[in-house]
Amino acid sequence: MPIERIFSGILGIVSLGLLYLCWSYVAPIAYDPLGPRPYPALLLLLLILCCFYLVIRPKKLAELLNLGLSRSILKKVGLLMLFMLIYATTFELLGFPIATALMFFLVGPLFGGSLKASLVTGIVFGCLLYGLFDYVLDVPLPLGLFN
């Protein structure tokens, strides 16, 4: 069994568990008439459907993937996980714009970007995404140090 089928099956089962947890979530304060449940539920349903399709799809539609798991790729995956942990822990303290800019700055070089381009992109996207969520979508995000 190819590795992508195994991974998709495990991810689908984990997503089912998350959907179960998501379904019982009730926010203490709801500013939206639907509440916070529909968005993650829809994303998880889509993820589950895609994962299970990858598990049961016909063999003729699957191509053999050579993931090339080398030491450098595993190091980048480990660093990416560490950077995501840093992002999650500093999100409220630093605020969305700064934490997002920091995340872009740290992750950019992992994908071959220069430090300068990663910094500029992080600052631009941190500000633009904050504006999109806060002003256009009316989703309040923490400002952290700017508060």
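The values are calculated or read from the model by the stated rules, or taken from the named source; none is laboratory data. Note that the structure is predicted; figures quoted are calculated from it, not measured. Every residue, glycine among them, receives a Cβ derived from its backbone with ideal geometry; neighbour counts consider all protein chains shown. For accessibility, only protein heavy atoms count, side chains too; no ligands or nucleic acids. Shrake-Rupley method; radii C 1.70, N 1.55, O 1.52, S 1.80 Å.
Structure above, values below:
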item	result
Share of carbon and sulfur in the accessible heavy-atom surface of region 103-147 [1.4 Å probe, %]	75
Dipole-positive endmost among ILE86, LEU102, PRO58 within the chain (Cβ charges, Cα centre)	PRO58
The chain, accessible area per residue, ligands and nucleic acids excluded (1.4 Å, Å²)	75
Highest average packing first - 129-140, 13-24, Cβ atoms within 10 Å	13-24, 129-140
Computed magnitude of the charge dipole of the chain (debye, nearest 20; Cβ of K, R +1, Cβ of D, E -1)	740
